[in-house]
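Scroll down for the structure; my scribbles are underneath it.
The values are calculated or read from the model by the stated rules, or taken from the named source; none is laboratory data. Note that the structure is a prediction, hence the values are computed from the model and not measured. Reconstructed Cβ throughout: ideal geometry from the backbone, glycine too, with neighbour counts over all protein chains shown. Ligands, DNA and RNA are stripped out before the accessible areas are found, and what is left, the full protein with its side chains, is counted by its heavy atoms. Shrake-Rupley method; radii C 1.70, N 1.55, O 1.52, S 1.80 Å.
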Amino acid sequence: MDITAQHLRGQMPSEYDVRQARSEGRAEGVRAELQRLRAFTGIDGLAAPDHSLPEHEAYPMYEQSLLERMEREQQRGGWRQEGLPEAEARAAEADADYEDALRNHQEDRQSAGIFGKISSLITQPFLPEKRMAQEARAYADELRAEVIDLEQKLDVLRTEHEAVGQWLDHMYATTAEAGEKRLADQEAAQRDISNRNFQVFEMHDYLEQDNRRKLRWEGAPEVPGGADFGYHWRRDGDDTGERKRNQGTWHAVWISENQEAAIFRRSPGLPDIVILLGDHIRSMDEAMDFFVPLESRQSERNSIALLMDAYTEKYL
């Protein structure tokens, strides 16, 4: 029983009833607002999408209905557009005939007697050429108004059809791209991001065990020195909301003093740790050959697995 029915029966609604009513009211409001915010709501009296369907189903049919409506309007109004020049010419010709008839009528009146003049003045408004000119002009004006109305309708339909087409093109393109990204993301989620057999250190311990690993300038942060090969590598569970989308918290470095390649995490709320890949890379050129091809993929999900995979395959 809803709150209104309870009120009419003299019953007080329970707290649960009130919460339920508020929830249903919010849901209804959300549905109404979503309906209002749909990209296309239709053209009054011309065409409308099926709002019972989601956009990706409704709008292709709506696009087709707009095209069909344009074709119908063009077919229905084609004879008007074709006939307008002839109607305008006939109206102009009838106007000229009326002017000639009026001039002849006035000239005849000048030479007529008193009774003839009176008769001419009485009959002048009723010249058949005047009626024919008025009818021809009214028909041409009516036809012109219909042509203008048709062009306005067609312009609205063309504009809507173009907008719907662009929306669909963008939707299909982004949907395909999003689908590819989702598939790639699902595959990346299966990557092995365990430590495997690599050594893992707390940051402080790693730096203290070998001074060559430290940055040596005054005030330097407690992180490994060396050549930096990206600082947005990712691992599930380490990406934080403070980072931009697809930006991780892992850094990749190669330390020339001891030939160590390592990745380390610096993430707010998580301990700083280092995964030592090994000391097999002997030069900067070799480090660049190893890291640079992978560096562009650091925004991929669980991208640190790419480094561990590549290092394992090449050196271990």
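3J(HN,Hα) along segment 212-221: 5, 7, 7, 6, 10, 8, 5, x, 5, x Hz, from the Karplus curve 6.51 cos²θ - 1.76 cosθ + 1.60 with θ = phi - 60°, whole Hz, x for Gly and Pro. For segment 190-199, the Karplus equation 6.51 cos²θ - 1.76 cosθ + 1.60, evaluated at θ = phi - 60°, returns couplings of 8, 5, 7, 10, 6, 6, 6, 9, 6, 6 Hz by residue, with Gly and Pro reported as x. Less than 5 angstrom separates the built amide H of residue 214 from those of 225, all sequence-distant by 5 or more or on a different chain.
For residue 278, the residues 5 or more places off, or on other chains, whose built amide H falls under 5 Å of its own are 261. Database remark: amide H of residue 43 closer than 5 angstrom to the amide H of 48 (H placed geometrically; neighbours at sequence offset of 5 or more, or on other chains; Pro and chain starts carry no H). Other residues within the sphere of radius under 14 Å centred on the Cβ of residue 295, judged by their own Cβ, net out at -1 (K and R +1, D and E -1). Identify which of 189, 163, 220 has the largest mean-square fluctuation in a Gaussian network model of the chain, with springs joining Cα atoms closer than 10 Å. Ranking 189, 163, 220 by mean-square fluctuation puts 220 first.
Per residue, the chain exposes 63 Å² of solvent-accessible protein surface, assessed with a 1.4 angstrom probe and all protein chains in place.
Please report the spacing between the Cα centers of segment 137-212 and segment 302-316 in Å, no decimals. Taking the Cα centre of segment 302-316 as reference, the centre of segment 137-212 is 32 Å away. Rounded to the nearest 500, the 222 nm mean residue ellipticity of the chain from helices alone is -21000 deg cm²/dmol, with -39,500 (n - 2.57) taken per DSSP H run of at least 4 residues.
Checking every one of the GluC sites (Glu not before Pro) in segment 177-280 against DSSP loop status and a limit of 14 other Cβ atoms within 10 Å picks out 218, 222, 242, 257. In the chain, Cα pairs under 8 Å separated by at least six residues give a relative contact order of 12 percent.
The modelled label-to-label distance between residue 222 and residue 138, using points 7 Å beyond Cα along the C-beta direction, is 9.9 nm.
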